[in-house]
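The values are calculated or read from the model by the stated rules, or taken from the named source; none is laboratory data. These numbers come from a predicted model, not from an experiment. Neighbour counts are summed over all protein chains in view; Cβ atoms, including those assigned to glycine, are modelled from backbone coordinates with ideal geometry. Calculation scope for accessible area: heavy atoms of the full protein, side chains included, ligands and nucleic acids excluded. Shrake-Rupley method; radii C 1.70, N 1.55, O 1.52, S 1.80 Å.
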Amino acid sequence: MKGSGIENPAFEMPSPKFGRRWLEGPARAGTGAAAHVGPGSGPEEGPCGWGPCAPRTLQLCNNSEGYLAAYSLLAIFQGVVVNGLINISISTIEKRYELNSSLTGLISASYDIAFCLLSLFVSYFGERGHKPRWLAFSAFMLGLGSLVFSLPHFKSGKYQYGDKLEDTCQTAETTFANATCSASTNSSLHNYLYVFIVGQLLLGVGGTPLYTLGTAFIDDSVPKHKSSLYIGIGYAMSLLGPAIGYVLGGQLLKVYIDIQIPERQDINYTKLNQDDPRWLGAWWIGFLACFFAIWLLIIPFSCFPRHLPGTAKIQAEKISETHDDGSQILVQANNIGQSFKDFPLALLILLKNPVLMSLIIASSSEALVATGFATFLPKFIENQFGKSSSFSATLGGIVLIPAAALGQVISGVLVSKFKMSCRAIIKFMISTCSVALILNTVFLFAKCGNEPFAGVSETYNGTGTLYNLTAPCNANCRCLRSMYYPICGRDEVQYFSPCFAGCASYFFNNMKKTFHNCSCIGKPKRENGSEDYEAVPGKCPTKCNFLPLFLTFFFFAVVFTFMAVTPTTVAILRCVPDKQRSFALGVQSVFLRLLGTIPGPILFGVAIDNSCTLWDINECEAKGACWIYDNERMAYLLMGISAACKIITIIFVVMAVYFYKPPPLTKALPRKTAEKRSAIHT
C-alpha cells in the first residue's frame, strides 16, 4: 500500500483502452462528454465480461436489474450464514465442543469486530475502486468463512455421547454417579473455539463491502427517484437470509451430527432420538452448502464493469442535495479521497456533518432495539405465553422477518413514488418512528402473569418454602437443578422436573409419556373424573389469551420501525459529498455496531436476567441459565428500553431536519457538470 492508495490488481479499473472502445457508441448517441471520460474524470462504463471475453448473452444482465439480482442473492446467503445458521447452531456447538455461553458470545461478536475494524478502510478505498470486484472479493471471503466455520466437525472425530441420566425420583446413590461435580477435563475440544472465531472474522471481512460499496453502487447506477426502491428491495431480500437459515438449520438439526447413529451393545441401550438431551444435529451441513453456493456468485460479480452502461447520463442528471456546510466544495477542490493521507481529513469532514451524525445515532438506536428483539423475542413469547421454545422461535420469525421486509419495501416504494427530497425523507422518518413508539405500548396491556410453579410462586401443597425447589416430598430424590424438564401436574401446577415432583415412574401410552407415583402432586383442582396419570411433560397450558393481540400490534410496530431503514440509507447518501457516499455508509456501519448491534443483545439480556426468579445451579454450585422469569417485570423492562430508544431516535431525526441546509439553487447543479466541462476541454 503506497500513498496513492491500494494497488491490488484485483481492484484496479479495466483498461482505459477497453473502456473507451465501449463508450464510443454512447458518445455518438448524443452524450459527447461520455466519450472523453477518463479514469480520473468520471464513470468508466463497459460491457459485462472478462477482458476481451464479453459474450452477447451476458449483456442482458449488464444493467441495474441484473446487478440487483446478484446483490440480493449475495445478501440472502450472507444472512443465511451469519444471522441464520450460526444463531440456530450455537447451542449445538456449545455442547459438542464444551464451550460456555460467554465463549460462544465471543464467537458471535467476532463478526461485528471484523466489520468495525475494516468498514472504514474498505468503504474509503472502495469508493473510487471497482465496486463489483470488491463484491466478488466479498463473495470469496464469505464462502471461505463458511468453509472454515465447518472445519471443526471434520477435525474433531466422531461424537461420543454418554449414558442418559434418569429424570425421575431415584434414591439410589449409584444412579447419580455421573452427576457429581467434576473439574474440567483435559479435552481439547474447546480449542476449536479459535477456528470458529477465525471463521467469523472471515465472514465479517466478507460482509463489509456488501452493505457499504454494494449499496453505494446501486445508488450510482439508478436515477435518484428509483434509488430508494432498489435499495429497499435489496435490503428486503437480505432479510430472507435469516428466515431461510433458521428453516434450513432447523431441519438439518434433525439429522444426527455424524449422519449415521452408532449402534451400542449395552443391554439397556435404547436408540438415540431427537428428544434425548444427548442428541446433536448436523449443524455443519448448511455451512458447507453455503460455501459452494456463495463461491458461485464470484462469477457474476467479477464480470460486471466498473460502472453500468448509462451511469454517466444518470449521474449528470442528478441534482446534488448535499448538506450545505462547504464540505462538497472542499472535497472537490482538494480531490480528497485519492490517497491514504486524505483519510483523517475525509473522516473528519463526515464526523463534523451534523445531519449525517444525527441520522447515524438515530439508526444506531433503532438497531439496538431491532437486534435485541431479534435475539430475545422467542424467549419473551416462550415465557410470557407459555409456548415451547421451537414454537416461540417460529412465531418470532413469522412476525419479525415478513414485517421487516414489508416495512423496507413500503418505504422504498413511497420515497420513490413521491420523489421525496432529502428533507422530506427525514420528515417521513419522524412519522414512522412516532407510530412505532405508539404501537410499542402493546407491552403494557398484552402481558401475562406467571402460572403456578411449585417451589417458585407457591409451595408444595403447603410444605416447603418459596424460591426453594426442595421440599419434604422430594428431599430424598437427589434431584438436579441443572436438569430442567418441566411437567404439568393434575393439580394444574407446574413442576421443575419429574424428580422434583416426586414422580417415581413413567409409562408410554400411544407414544405419549405420562408420570405416576408423584409424591408432591396434590389432588386435581377440578373433579372431572379420575385421571390415569399424575403429570404430563411440558408446561401447563396458559390461561393468558393475549398472544394474538400482542403479535398483531408487534407486527405493525416492526413494519413502522423498518420503514425508517431504507429512507435513512437514502438520506445519508444524499446529505454527504458525492465522493464520500460509500465512506459515509462505512462510518454508519461502525457506529451501528458499536452503539446498536453489539450492545443491543447485551442490554436486552441484562434486562431479562434482571427479571429472573429461579437460576440454574449445577452440581458444582455454579450459577448457569435462568429457568423462571417474572413475566410482568420482563415486559416492563423491555418496553422501557424500546420506548427510550424510540424517543432517542425521534429526537435525533428531528435534529437532522433542523440542521439540514439544502444547497442554494445556484449550487444545486447536476453533479457531473463541472467534470464533463473539464473533460470536453481536455
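Structure summary
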| quantity | calculated |
| --- | --- |
| SER363 open to solvent by less than 10 Å² (accessible area, probe 1.4 Å), in a helix (DSSP H, G or I) and either not assigned by the TED database to the domain that holds LEU638 or not β-branched (Val, Ile, Thr) (or both) | no |
| Residue that is in contact (Cβ under 8 Å) with a residue 40 or more places away in the chain, in contact with a strand residue (DSSP E or B) (Cβ under 7 Å, 6 or more places away or on another chain), part of a loop (DSSP other than H, G, I, E, B) and not polar (S, T, N, Q), where the choices are CYS477, CYS473, CYS448, CYS488 | CYS473 |
| Candidate set from region 101-147 (those that are touching a Gly at 6+ places or on another chain (Cβ under 9 Å) and among the polar types (S, T, N, Q)); member that is surrounded by the most Cβ atoms within 10 Å (Cβ to Cβ) | SER146 |
| Failed item in (1) touching a Phe, Trp or Tyr at 6+ places or on another chain (Cβ under 8 Å); (2) surrounded by fewer than 23 Cβ atoms within 10 Å (Cβ to Cβ); (3) not aliphatic (A, V, I, L, M), with GLY372 passing the rest | (2) |
| Condition met for THR92 (free of Cβ contacts under 8 Å to residues at least 24 places away in the same chain, open to solvent by less than 30 Å² (accessible area, probe 1.4 Å) and of a type outside the set (A, V, I, L, M, F, W, C)) | no |
| Check on GLY396, farther than 20 Å from CYS575 by Cα, in a helix (DSSP H, G or I) and at pLDDT 80 or above | no |
| Residue in region 226-242 that is among the aliphatic types (A, V, I, L, M), in a loop (DSSP other than H, G, I, E, B), crowded, with 20+ Cβ neighbours inside 10 Å and modelled with pLDDT under 85 present | yes |
| The listed residue being at pLDDT below 80 and over 24 Å from GLY412 (Cα atoms), out of ASP609, ASP532 | ASP532 |
| Yes/no for VAL576 being of a type in the set (A, V, I, L, M) and either assigned by the TED database to the domain that holds GLU366 or on the phi > 0 side of the Ramachandran plot (or both) | yes |
| Meets criteria (in contact with a Leu (Cβ under 7 Å, 6 or more places away or on another chain) and either within 30 Å of PHE556 (Cα to Cα) or of a type in the set (S, T, N, Q) (or both)) for THR432 | no |
| Region 311-345, residues that are of a type outside the set (Asp, Glu), in the same structural domain as ILE426 (by the TED database), open to solvent by less than 70 Å² (accessible area, probe 1.4 Å) and more than 29 Å from LYS427 (Cβ to Cβ) | ASN335, ILE336, GLY337, SER339, PHE343 |
| Qualifying residue in region 330-345 (condition: hydroxyl-bearing (Ser, Thr, Tyr) and either at pLDDT 90 or above or part of a helix (DSSP H, G or I) (or both)) | no |
| Those residues of region 460-469 which are touching a residue at least 24 places away in the same chain (Cβ under 8 Å) and either hydroxyl-bearing (Ser, Thr, Tyr) or surrounded by fewer than 19 Cβ atoms within 10 Å (Cβ to Cβ) (or both), in sequence order | TYR460, ASN461, TYR467 |
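Every residue, every condition in (1) without any contact (Cβ under 8 Å) to a residue 24 or more places away in the chain; (2) surrounded by 19 or more Cβ atoms within 10 Å (Cβ to Cβ), yes or no:
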{"site": "ALA424", "(1), (2)": "yes, no"}
{"site": "ASN440", "(1), (2)": "no, yes"}
{"site": "GLU458", "(1), (2)": "no, no"}
{"site": "MET483", "(1), (2)": "no, no"}
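Conditions tested, residue by residue: (1) within 19 Å of ALA404 (Cα to Cα); (2) open to solvent by 10 Å² or more (accessible area, probe 1.4 Å).
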position: LYS512; (1), (2): no, yes
position: LYS523; (1), (2): no, yes
position: PHE556; (1), (2): yes, yes
position: ARG574; (1), (2): no, yes
position: GLY596; (1), (2): yes, no
